[in-house]
Amino acid sequence: MSRYQGKALADVRREPRAGSPFRRPLRIALAMLVLGGLAMVPWKDLRRTLLVVDHVKVTGVRYLDEARIREKSKLVVGQDLISLDLVRARQLVLLEPRLRSAEVRRHGLRGVEIRVVERVPVLTVEHGEPWEID
């Protein structure tokens, strides 16, 4: 049995809402004022003061120095948060030969976290410069 009740053919007329004839023009004027106000906000200054890197956190280090990894990534406190290139920072960190893998991601609202996994040498060969085999 069909569940259709024939409501599509019913003659349903909505009555116009009672209200002020100035309601729509007032809403349009308010929207224009809000957009004009947003255009006047100093976005560059806000971006320079609010949207900057607050801290760079390095986790997973055992032998290497956290400051050295931070320096290799070229991420500094005060850098613009929106224009960060996290992929490039990861590639720069992976140039360190003692690292097996690295992950660079945003941490919190204004922070960056660098997670690294170091290579653990199994054999060290002393031949002028030490060689490490993992």
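The values are calculated or read from the model by the stated rules, or taken from the named source; none is laboratory data. Only a predicted model underlies this, so the values are computations on that prediction, with no experimental measurement involved. Using ideal geometry, Cβ is built from the backbone for each residue, glycine included, and neighbour counts are taken over all protein chains shown. Only protein heavy atoms, including side chains, enter the accessible area calculation; ligands, DNA and RNA are left aside. Shrake-Rupley method; radii C 1.70, N 1.55, O 1.52, S 1.80 Å.
Screening Gln91 on (1) more than 23 Å from the chain's Cα centre (by Cα); (2) under 24 Å from Trp131 (Cα atoms); (3) open to solvent by 90 Å² or more (accessible area, probe 1.4 Å) shows it passes everything except condition (1). Residue pairs whose Cβ atoms lie under 7 Å apart, separated by 6 or more positions or on different chains, with the first residue in the stretch 109-130 and over 13 Å from Arg62 (Cβ atoms) and the second hydroxyl-bearing (Ser, Thr, Tyr) and outside any strand (DSSP E or B), are Ile114/Ser73. Can you find even one residue in the stretch 42-61 that is of a type in the set (S, T, N, Q) and at pLDDT below 90? Taking every residue of the stretch 42-61 in turn, at least one turns out to be of a type in the set (S, T, N, Q) and at pLDDT below 90. Annotation: of all residues in the stretch 77-134 being part of a strand (DSSP E or B), of a type in the set (Val, Ile, Thr) and out of contact with any Asp or Glu (no Cβ under 7 Å at 6 or more places or on another chain), the one that is farthest from Leu46 (Cα to Cα) is Val125.
Say whether the condition of being part of a strand (DSSP E or B), under 26 Å from the mean Cα position of the chain (by Cα) and under 15 Å from Glu118 (Cβ atoms) is met by at least one residue in the stretch 46-62.
Kept after step one, since they are part of a strand (DSSP E or B), are these residues of the stretch 46-62: 52, 55-59.
Restricting the remaining residues to those that are under 26 Å from the mean Cα position of the chain (by Cα) gives 52, 55-59.
In the following step, the residues that additionally are under 15 Å from Glu118 (Cβ atoms) were identified as 58-59.
Yes, the stretch 46-62 contains a residue that is part of a strand (DSSP E or B), under 26 Å from the mean Cα position of the chain (by Cα) and under 15 Å from Glu118 (Cβ atoms).
Close Cβ contacts (under 6 Å, 6 or more residues apart or on different chains) running from residues in the stretch 54-76 that are at positive phi to residues that are open to solvent by less than 80 Å² (accessible area, probe 1.4 Å) and part of a strand (DSSP E or B) comprise Gly60/Val116; Gly60/Val117.
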